[in-house]
Amino acid sequence: MTENVVIVGPGRMGLALGTALRQEAAVERLTYQGRGSEPPPHPLFDMGDERGAEYRMGPYPLPSDTTVLILAVPDAKLGDVAYDMSGQGAAPPGCAALHLSGALSTDALGPLHAAGYAVGSMHPLQSVADPWSAGDRLVGSAFAVAGEPTAVNAARRLVDAVGGRVLLIPTAMRPTYHAAAVFASNYLIALLAVAVRLLQDAGVPGEDALPAILPLVRGTLDNVQKLGVPAALTGPIARGDPDTIRLHLARLSAEDRELYCALGRELLPLARAAGLDERRAAELEGLLGA
């Protein structure tokens, strides 16, 4: 099926998704709508041929052959944008409207549903900080998909075109799904910030702390990918080493001890699954306040 896609919102995720779709030759025509009179600086708008994207100041009526409308806007703006777009006329025949929110249902797209769109959602399970390079990251990523059958089918086509993995998440479970994404991405950054700070407390110069940590992080992720989560676990909890844990707890601040113990308690079931002796596991539970 020929895809003619309109993306409302030329922000980081909208630009990254359009780049991935263009890169994988998934769309015949790609059009952006934004609030500004000019597009943001991005290679998609510099190509000047079929490999690039058109930009229009919106809201603007969709071309009659549009197959998918994507609302790539902040969650708080989603309802207003859906209302504005619904005022541009009835949906093109068979057109689906998708939002990219991870936590919200399709309720915010109610005005578009009333205008004849099949509504759904397609959330990329990926971190996009730089819209100039993130298109590559979306290729092969997982996407949480939900909505009406026509919208789900449209999302599947786009995800398949970029070599992604479709995750069918029930509406009631989307906040849980999105919390998982926060743990995997945002909270990972929080943990790295703590690790960098503790290295600096140990005397490592600030400019050396993060470069010293990153190979360890990459090695851990490689192990998880190759071995799975329980088998990738190393360190004092995996070894059942209470003496080392006592040393850690004695040196950490009260706030850092709280975080250390909370994460340690999460690791104990994994250590047990990987073969940790139950007697040692019980001793660690006592130390970690389980």
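The values are calculated or read from the model by the stated rules, or taken from the named source; none is laboratory data. Quick caveat: nothing in here was measured; it's all calculated off a predicted structure. All Cβ positions, even for glycine, are placed from backbone atoms using ideal geometry, and neighbour counts span all protein chains on display.
Would you tally the residues in the range 60-88 being under 15 Å from residue 34 (Cβ atoms), outside any strand (DSSP E or B), touching a strand residue (DSSP E or B) at 6+ places or on another chain (Cβ under 8 Å) and modelled with pLDDT of 95 or more?
Adding up the residues that qualify gives 5.
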With criteria (1) in contact with a helix residue (DSSP H, G or I) (Cβ under 8 Å, 6 or more places away or on another chain); (2) surrounded by 13 or more Cβ atoms within 10 Å (Cβ to Cβ), residue 206 comes up short on (2)
Out of (1) within 28 Å of residue 249 (Cβ to Cβ); (2) within 19 Å of the chain's Cα centre (by Cα), the one residue 219 does not meet is (2)
Filter the range 104-118 for residues that are of a type in the set (Gly, Ala, Ser) and closer than 11 Å to residue 147 by Cβ; the one that is surrounded by the fewest Cβ atoms within 10 Å (Cβ to Cβ) is 105
Subset of the range 240-272, residues of a type in the set (Lys, Arg) and either on the phi > 0 side of the Ramachandran plot or over 33 Å from the mean Cα position of the chain (by Cα) (or both), comes to 246, 251
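Table: residues versus (1) modelled with pLDDT under 95; (2) assigned to a loop (DSSP other than H, G, I, E, B); (3) under 13 Å from the mean Cα position of the chain (by Cα); (4) outside the structural domain of residue 27 (by TED's automatic domain parsing).
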| position | (1), (2), (3), (4) |
| --- | --- |
| 104 | yes, yes, no, no |
| 111 | no, no, no, no |
| 116 | no, yes, no, no |
| 127 | yes, yes, yes, no |
| 133 | yes, yes, no, no |
| 153 | no, no, no, no |
| 156 | no, no, no, no |
| 160 | no, no, no, no |
Practice item. Test residue 122 against the stated conditions and say whether it is touching a residue at least 12 places away in the same chain (Cβ under 8 Å), closer than 19 Å to residue 39 by Cβ and of a type in the set (A, V, I, L, M). Key: no
Looking only at the range 24-41, decide whether some residue is outside any strand (DSSP E or B), β-branched (Val, Ile, Thr) and surrounded by fewer than 18 Cβ atoms within 10 Å (Cβ to Cβ).
no
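With the requirement that a residue be more than 27 Å from residue 222 (Cα to Cα) and surrounded by 15 or more Cβ atoms within 10 Å (Cβ to Cβ), what does the range 243-282 give you? Quick ask: steps written out before the conclusion?
In the first step, residues of the range 243-282 are kept if they are more than 27 Å from residue 222 (Cα to Cα); the result is 243, 246-247, 249-255, 257-258, 278-280, 282.
Correct list: 249, 252, 257, 280.
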query = assigned by TED's automatic domain parsing to the domain that holds residue 267, surrounded by 11 or more Cβ atoms within 10 Å (Cβ to Cβ), over 19 Å from residue 141 (Cα atoms) and over 22 Å from the mean Cα position of the chain (by Cα): does that describe residue 199?
reply = yes
Does the range 268-280 contain any residue that is within 26 Å of residue 102 (Cβ to Cβ) and either in contact with a Leu (Cβ under 7 Å, 6 or more places away or on another chain) or not in a helix (DSSP H, G or I) (or both)?
-> yes
